[in-house]
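The values are calculated or read from the model by the stated rules, or taken from the named source; none is laboratory data. Bear in mind that the values here come from a model prediction, so they are computed numbers and not experimental data. Note that we place each Cβ from the backbone using ideal geometry, even for glycine, and neighbour counts take in every protein chain shown. Keep in mind that these areas ignore ligands, DNA and RNA; they rest on the heavy atoms of the full protein, side chains included. Shrake-Rupley method; radii C 1.70, N 1.55, O 1.52, S 1.80 Å.
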Amino acid sequence: MDESDARNIRNICILAHVDHGKTTLADHLIASSGDGELLKPRLAGKVRYMDYLDEEQRRAITMKSSSISLRYKDYSLNLIDSPGHMDFCSEVSTAARLSDGALVLVDAVEGVHIQTHAVLRQAWIEKLTPCLVLNKIDRLICELRLSPMEAYTRLIRIVHEVNGIVSAYKSEKYLSDVDSILASPSGEITDESLELLEDDEEVTFQPQKGNVVFVCALDGWGFGVSEFANFYASKLGAKADTLQKSLWGPRYYIPKTKMIVGKKSLSAGSKTKPMFVQFVLDPLWQVYEAALDPGGDRAVLEKVIKSFNLIIPQRELQNKDPKNLLQSVMSRWLPLSDAVLSMAVKHLPDPISAQAYRIPRLVPERKVIGGNEVDSSVLAEAELVRRSIEACDSSRDSPCVVFVSKMFAIPMKMIPQGGDHRERMNGLNDDDSKSESDECFLAFARIFSGVLRAGQRVFVISALYDPLKGESSQKYIQEAELHSIYLMMGQGLKPVNEVKAGNVVAIRGLGPYISKSATLSSTRNCWPLASMEFQVSPTLRVAIEPSDPSDMSALMKGLRLLNRADPFVEITVSARGEHVLAAAGEVHLERCIKDLTDRFARVNIEVSSPLVSYRETIEGDGSNLLESLRSLSLNASDYVEKRTPNGRCVIRVHVMKLPHSLTKLLDESTDLLGDIIGGKGSHSIKILESQSPSLEENVDPVEALKSQLVEAGVSSSSETENDREKCKAEWVKLLKRIWALGPREKGPNILFAPDGKRICEDGSILVRGSPHVSQRLGFTEDSTETPPDSALYSEALTLESSIVSGFQLATASGPLCDEPMWGLAFTIESHLAEDSETEKQPENFGIFTGQVMTAVKDACRAAVLQTNPRIVEAMYFCELNTAPEYLGPMYAVLSRRRARVLKEEMQEGSSLFTVHAYVPVSESFGFAEELRKGTSGGASALMVLSHWEMLEEDPFFVPKTEEEIEEFGDGASVLPNTARKLINAVRRRKGLHVEEKVVQHATKQRTLARKV
């Protein structure tokens, strides 16, 4: 395969909301390839060929991304079907990474949904070229009974809405491009840069461009504007290209003058229809009415058959079921596969073109800062590999680079047993086969450069590998031999000896080396490809254990296999020794438990109730930042003081609430903060483009984060303009004193270094700390203070790490229920006194650094308890769809789940209502099932993790005023509120002390009769 062959490859993924028709569309594309060898055309849409798992067929949803190789004319297409359910969005990420283009499906009736936003964002992050497929056009005719004009209005609205989503991403990039051009040395906008900006402004999806098609996947027909333009060109005496541009939008055909005019040229009161309605939708509606209406005119069907020379078997024409007759005519008149595949071939890029502009996302550019210690030959080879990926070099001399997006398990019986002696031996001696018995792990991979051969030895590189670090980075690289390579055919596999760059393949033999994803390279000196970004995180956690304790070893083995087979599941061991399995949602969790029970562990498993994570904070919203900054001075009286057991060190702690926007920023930037604070920024290599899914390019992530921290601190403050300037000045001054973040050194809590005198009046020394984080972020210069040469000063320096450790322990487990703290800022002032003569003896209270650590932790927790603590819970954003008659039962279910309704609106053109609400994660388990029962299956819900929200209730509330006592009763009879119930449930699960009555309602029992 030379370069011309690579130009004929298309790697395409199908993305959409759940139940919008992805797998049905894939069925018809498969049936059209190879003359029906894989799937008969009459079975397309019924078999769901790509959903070959039993659980997928039973639930009628796709649960994993799977690939199939198709032929269309001279082109080779690798089609990847992906799930639409939010629980399996990780599979969308794996599919998007291996593709160059995307078919985005939207249901013409339901329109744009929450997952449509998610897949469009994923396509944007991975720099995929999208095409739009509007599916289920037939429902506009048969179910909604819309007129052609109403249907046209609806289709325009959907295309406009999808374009609006994409333009929201483009506009941010557009503004960053403008900034970079204006910041250039000349400061002038050249013709080239102006052209770049104009291209960015262009609307993405335009039917007249050919990147939008209208289909009915179930009946197997579809069309683009070009099909009708070619048909009408000869009849109207116009050029097909001109007609194609006029068949969408406000263009009207005047039969008298045979002119195409705009809306302004129409006479007042004219009833002329847009050309798309007149020439496209009207004929479709006539065919449907002729076929489906009892008194329909069959002459219309005969006219269509005759006009287009359609060859339809006589038995299909005589079929008494009008739906079958309609399907026979439409699928031959407007073949679905031709419309979709011709659009894909024409508008989606080949691997050579795609990798040229995807390279900043795949392998971010790096430059040397340090200098002398770097091996120039290693750097040169790494840069050569990057250029090979950029060019999609498929020559045998070029380095081979492959990205494995996930590992997937299939039964051993599905592995092809034929082939040469090498494959048969590998089938017998494969380490994977021995350890996994009936399951074999294959790597789902894309070749980005070079040629991959069976039996080839490659280096398996993890995401943390750095070729310039030499020996210190060797633990992130392994050498492996590839046993076999397969082209994926849905559930089938086709063995091949070698595959060139640009193809998607399955690789056998990497099971022991790869856990979830990795980069394969023929050379050690290769940068790992950027990690994939997932839209959500695994939030549903349960503890699992075998029903029979003797099966623990089988469960451990099963968990290892599940962790490798599922790209999104997380398996950890809690502090109590429980095995905790984290999944994306209830459907994902059910599938994981079923896989464990039936495939991997094959033992009965006990599953705990869900383990919900909470956060702890204090009262207030952090909006009055200026007042909080003024009170942060430790001269104020609202601080907590603790003393170490030996009395040498006094700890004073003050706590304040951070603004919500700042807390959210710190929480979302944990990975970047971890890299900066962990020291990656000071090494010899600097990543110019962040690997996080930023919409802006060529922006220094550290500088961007620095400016965001300044803005987030004052953006939510409610002061006047004058006060805002003061507040900003105070805040910037405070940002120069950031000592540490917590928990785990990168969380949403801040420790500020104290700003006081070094030596106090009583002779004690203040442990000043160092603004370590501020220096890393560039708020202050790295200046090392040289303290006086004395033993007390030296001892004070050694205590700095103990204070930070105490802060980390406190923020990792708060006082309410040992959950991490959220959005708090601490100032810790530690005064160290001289050792008195009487105390110069062996330490009776333990190591002094440990005493300080414990005192700091206790002081921080006490400070939180003193300032009205609150619990913070995670919230799901829930999108519900229901018929009007089920609104009442649906709201009843929402109110029982403590949901907060955001908006309710009727979908345009239908009788369905769409309701948006926030539902606490703790109340979400069993929500979908209760909703189905409460509404007799008339309502559906989709949930995605949204944000953290503070529960306003005081967990320690006791009625004090007369009104409170009248409403809630006296303190003895007040029932625990919601916050207290949540806290007690977590404390009970963790084995902590819970203040509750053993006997709630005690009554004296009297035995009136004695029965012997």
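Computed quantities for the displayed model
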{"item": "Condition check for Thr523: open to solvent by less than 60 Å² (accessible area, probe 1.4 Å) and either touching a His at 6+ places or on another chain (Cβ under 9 Å) or touching a residue at least 60 places away in the same chain (Cβ under 8 Å) (or both)", "result": "yes"}
{"item": "Check on Ala917, part of a strand (DSSP E or B) and modelled with pLDDT of 85 or more", "result": "yes"}
{"item": "Number of positions in the stretch 319-357 that are open to solvent by 60 Å² or more (accessible area, probe 1.4 Å) and in contact with a Leu (Cβ under 7 Å, 6 or more places away or on another chain)", "result": "1"}
{"item": "Helices (runs of 4 or more DSSP H) contained entirely in the stretch 759-813, each with at least 3 residues that are at pLDDT below 75 and not charged (D, E, K, R)", "result": "791-798"}
{"item": "Selection status of Ser433, open to solvent by less than 60 Å² (accessible area, probe 1.4 Å) and at pLDDT 80 or above", "result": "no"}
{"item": "Residue match in the stretch 324-339 (condition: part of a helix (DSSP H, G or I) and touching a Pro at 6+ places or on another chain (Cβ under 7 Å))", "result": "no"}
{"item": "Every residue from the stretch 289-313 that is open to solvent by 60 Å² or more (accessible area, probe 1.4 Å), of a type outside the set (Val, Ile, Thr), more than 25 Å from Val225 (Cβ to Cβ) and assigned to a loop (DSSP other than H, G, I, E, B)", "result": "Asp293, Pro294, Gly295, Asp297"}
{"item": "Pairs, first in the same structural domain as Asp81 (by the TED database) and at positive phi in the stretch 44-63, second part of a helix (DSSP H, G or I) and open to solvent by less than 40 Å² (accessible area, probe 1.4 Å), C-beta under 6 Å, six or more apart", "result": "Gly45/Thr24; Gly45/Asp27; Arg48/Thr23"}
{"item": "Ala95 vs. criteria more than 21 Å from Ile410 (Cα to Cα) and open to solvent by less than 30 Å² (accessible area, probe 1.4 Å)", "result": "no"}
{"item": "All strands (runs of 3 or more DSSP E) inside the stretch 56-125 with 2 or more residues being of a type in the set (Val, Ile, Thr)", "result": "101-107"}
{"item": "Filter result (in contact (Cβ under 8 Å) with a residue 24 or more places away in the chain and of a type in the set (D, E, K, R)) within the stretch 897-924", "result": "Arg897, Arg898, Glu908, Glu923"}
{"item": "Conditions (1) under 40 Å from the mean Cα position of the chain (by Cα); (2) surrounded by 12 or more Cβ atoms within 10 Å (Cβ to Cβ); (3) in a helix (DSSP H, G or I): number failed by Glu316", "result": "(1)"}
{"item": "Residue match in the stretch 37-59 (condition: open to solvent by less than 30 Å² (accessible area, probe 1.4 Å) and more than 24 Å from Gln327 (Cβ to Cβ))", "result": "yes"}
{"item": "Every residue from the stretch 483-515 that is over 31 Å from the mean Cα position of the chain (by Cα) and outside any strand (DSSP E or B)", "result": "His483, Asn497"}
{"item": "Whichever residue in the stretch 566-588 is open to solvent by 20 Å² or more (accessible area, probe 1.4 Å) and of a type in the set (A, V, I, L, M) and, among such residues, is farthest from Cys878 (Cα to Cα)", "result": "Ala575"}
{"item": "Glu952 vs. criteria in contact (Cβ under 8 Å) with a residue 24 or more places away in the chain, open to solvent by 60 Å² or more (accessible area, probe 1.4 Å) and either out of contact with any Cys (no Cβ under 9 Å at 6 or more places or on another chain) or not assigned by the TED database to the domain that holds His113 (or both)", "result": "yes"}
{"item": "Residue list for the stretch 131-164, restricted to those being closer than 25 Å to Pro349 by Cβ and of a type in the set (S, T, N, Q)", "result": "Asn135, Asn163"}
{"item": "Top-ranked residue in the stretch 920-940 [being under 28 Å from Leu144 (Cβ atoms), out of contact with any strand residue (DSSP E or B) (no Cβ under 7 Å at 6 or more places or on another chain) and not in a helix (DSSP H, G or I); ranked as most open to solvent (accessible area, probe 1.4 Å)]", "result": "Ser936"}
{"item": "Scope the stretch 238-286; condition at pLDDT below 80, assigned to a strand (DSSP E or B) and under 20 Å from Leu155 (Cα atoms); matching residues", "result": "Gly262"}
{"item": "Which listed residue is crowded, with 16+ Cβ neighbours inside 10 Å and at pLDDT below 85, from Thr24, Thr62", "result": "Thr62"}
{"item": "Test set (1) of a type in the set (S, T, N, Q); (2) at pLDDT 75 or above; (3) open to solvent by less than 60 Å² (accessible area, probe 1.4 Å) - Ser716 fails condition number", "result": "(2)"}
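Okay, residues lined up against (1) open to solvent by less than 30 Å² (accessible area, probe 1.4 Å); (2) closer than 19 Å to Pro207 by Cα:
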{"position": "Gly237", "(1), (2)": "no, no"}
{"position": "Leu247", "(1), (2)": "yes, yes"}
{"position": "Pro250", "(1), (2)": "no, yes"}
{"position": "Ile254", "(1), (2)": "no, no"}
{"position": "Lys258", "(1), (2)": "no, no"}
{"position": "Lys264", "(1), (2)": "no, no"}
{"position": "Met275", "(1), (2)": "yes, yes"}
{"position": "Val287", "(1), (2)": "yes, no"}
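Matching residues to (1) part of a strand (DSSP E or B); (2) open to solvent by 60 Å² or more (accessible area, probe 1.4 Å); (3) of a type in the set (Ser, Thr, Tyr); (4) in contact (Cβ under 8 Å) with a residue 40 or more places away in the chain:
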position	(1), (2), (3), (4)
Ala543	yes, no, no, yes
Ser553	no, yes, yes, no
Leu562	no, no, no, no
Glu606	yes, yes, no, yes
